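The values are calculated or read from the model by the stated rules, or taken from the named source; none is laboratory data. What you see is a predicted model, and the numbers here were worked out from it, not measured in a lab. Note that each Cβ is placed from the backbone with ideal geometry, even for glycine, and that neighbours are counted across all protein chains shown. Each accessible area value is taken on the protein alone, full model and side chains, heavy atoms only, with ligands, DNA and RNA left out. Shrake-Rupley method; radii C 1.70, N 1.55, O 1.52, S 1.80 Å.
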Amino acid sequence: MAQVNTDDGERSNRGLAARAAWMSYVGGMTQDQIAQELGISRQRAQRLVARAGAEGLIRVRIDHPIAECLELERELKGRFALNSVRVAPNAGDSVDPSIGIATFAAPFVERILEDVDPQVIALGTGRTLSMVVDQMQAVDGSHHKLTSLIGNVSPDGSASFYEVIMRLAEKVNAPHYPMSVPVLARNDAEMDLYLSLPHVSAARALAKQASTAIVGVGQMGNDAPLFVDGFISAQQLSEVQALGAAGEICSHMFDENGQMIDHPVIRQMVGLLPDVSHMRVICIGGGAKKLPAIRAALRGGLISDLVTDEITAQALINN
């Protein structure tokens, strides 16, 4: 009679308990919803969540490497020659993937800031990165410098709701250098003016010295964040879409192969695209809307590290 490997079975059960706890505590799913998602009984779902709590797998975050996610991380890292990949477990089809990604990415960013060696960290902006900062615990990052990669003002003078640098600097007590100008200049003369401002020049120079950049990624459909947030017009969006824009990082737009789009709107972006050739560029994002943008960024070698969700990771592997 064949022997059953009880160690493998135990790891599998712990992994299932961790997954059920993730769905409960991060996804906010009921036990009935967890049972349906995992294809198990409600009673077993209840036992799994209880077990996760009893065995210390839950510390607000789920403290267990789920095997399926580890395998996806390995495959993505090898396929796209990435420095590192982190894959957040699926929190349920009805849950915004950004919620799980932000919860999962927060300790990853905390560890970067806990590094004892001082470094310059350049930051993008956006909804997902803002959620990551909200999920982070306070750590001492006073020995680092934070700098913006992108402006934070709309053409009408209003500030962005999703600026990251101020929130992060407050949480980690780090000196910071925001780029307090519009994301996009309206013409070449205005662009020259912005670049001549001492605080903009200093922030850009510091960003070029960064050893690490932490950025989001934006889709370029009709719901493109750059358009929805008022940074580009409907006409500008239509024009870059016609040129094949598939995504953007720090407002710099690229096609499905990760090649930069040639359009005046990009030449008038005040901020910088982080240079993966001399810095670690960590991209945090996922979900169906962002999938084409993430795939394009990977194809073009625009990022070195990726934090995403399980469903997005599977889609990247399968296509």
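Can you give me the accessible area per residue for the chain, using a 1.4 Å probe, in Å²?
46 Å²
Determine how many Å³ per residue the convex hull of the Cα atoms of region 188-239 encloses.
119 Å³
Starting from 0.36 nm per residue, how many nanometres of slack lie between S201 and R79 once their C-alpha separation is accounted for?
Details: separation 122, 0.36 × 122 = 43.92 nm, distance 3.75 nm.
Gain on extension, S201 to R79, equals 40.2 nm.
How would you rank 215-226, 44-55, 196-207, highest first, on the average number of other Cβ atoms within 10 Å across their residues? Mind dumping the intermediate values first?
Numbers: 215-226: 21.5, 44-55: 17.7, 196-207: 15.6.
Peptide ranking by packing, descending: 215-226, 44-55, 196-207.
For region 104-236, treating each Cα as an identical point scatterer without solvent, what Debye log10 I(q)/I(0) comes out at q = 0.13, 0.17, 0.19, 0.21 1/Å?
Each listed q maps to, in turn, -0.56, -0.92, -1.10, -1.27.
Please report the relative contact order for region 263-319, taking Cα pairs under 8 Å with a sequence separation of at least 6, and give it as a percent rounded to a whole number.
38 percent
Using all Cα-Cα distances in region 30-183, what percent lands in each 10 angstrom bin from 0 up to the longest?
10, 29, 31, 20, 9, 1
Just how many % of Cα pairs in region 91-166 lie over 18 Å apart, if you round to the nearest whole percent?
Beyond 18 Å sits 48 percent of the P(r) for region 91-166.
Report the calculated FRET efficiency for A138 and I317 (r = Cβ-Cβ distance, R0 = 25 Å), to the nearest 0.05. Each step should come with its number before you reach the end.
Numbers: r = 36 Å, r/R0 = 1.43.
Working from the Cβ atoms, E equals 0.10.
Give me Rg/Rg_expected for the chain, where Rg uses Cα atoms only and Rg_expected = 2.2 N^0.38 Å with N residues.
In units of the globular-protein estimate, the chain measures up at 1.06.
Taking one equal scatterer on every alpha-carbon of region 77-124, how large is log10 of I(q)/I(0) by Debye at q = 0.25, 0.32 1/Å?
With no solvent term, the Cα-only Debye profile gives -1.03, -1.11.
So what does the Cα-only Debye profile of region 149-227 read at q = 0.12, 0.21, 0.26, 0.27 Å⁻¹, as log10 I(q)/I(0), no solvent term?
Evaluating at q = 0.12, 0.21, 0.26, 0.27 Å⁻¹ gives log10 I(q)/I(0) of -0.40, -1.17, -1.41, -1.43.
Applying 1/(1 + (r/R0)^6) with R0 = 41 Å to the Cβ-Cβ distance of I112 and D192, what FRET efficiency is obtained, to the nearest 0.05?
Between I112 and D192 the formula returns 0.75.
What percent of all Cα-Cα pairs in region 160-278 falls into each 5 Å bin, going from 0 up to the bin containing the maximum distance?
Going from the shortest bin to the longest, the percentages are 2, 10, 19, 23, 21, 16, 7, 2, 0.
Can you send over the carbon and sulfur percentage of the accessible area for region 119-227, probe radius 1.4 Å, protein chains only?
The computed percentage sits at 54.
At 10 °C and 1.306 mPa s, grab the translational diffusion coefficient of region 218-310 from Stokes-Einstein with a Kirkwood Rh over Cα pairs, rounded to a whole number in µm² per second.
For these conditions, the coefficient is 120 µm²/s.
Between A54 and E170, what is the label-to-label distance in nm when each label sits 7 Å out along the Cα-to-Cβ direction?
4.2 nm
How large is the Rg to Rh ratio of region 47-132 when both quantities use alpha carbon positions and Rh follows Kirkwood?
My calculation puts Rg/Rh at 1.00.
Do the sum for the chain: with -39,500 (n - 2.57) for every DSSP H run of n ≥ 4, divided by all residues, what is the mean residue ellipticity at 222 nm, to the nearest 500 deg cm²/dmol?
Working: 14 runs with 144 residues, N = 319.
When only DSSP H runs of four or more count, the value is -13500 deg cm²/dmol.
Straight distance only, please: which lysines reach the Cα of K77 with their own Cα at less than 28 Å, same-chain residues fewer than 8 apart left out?
Within the straight-line limit of under 28 Å, K77 reaches these lysines: K208, K289, K290.
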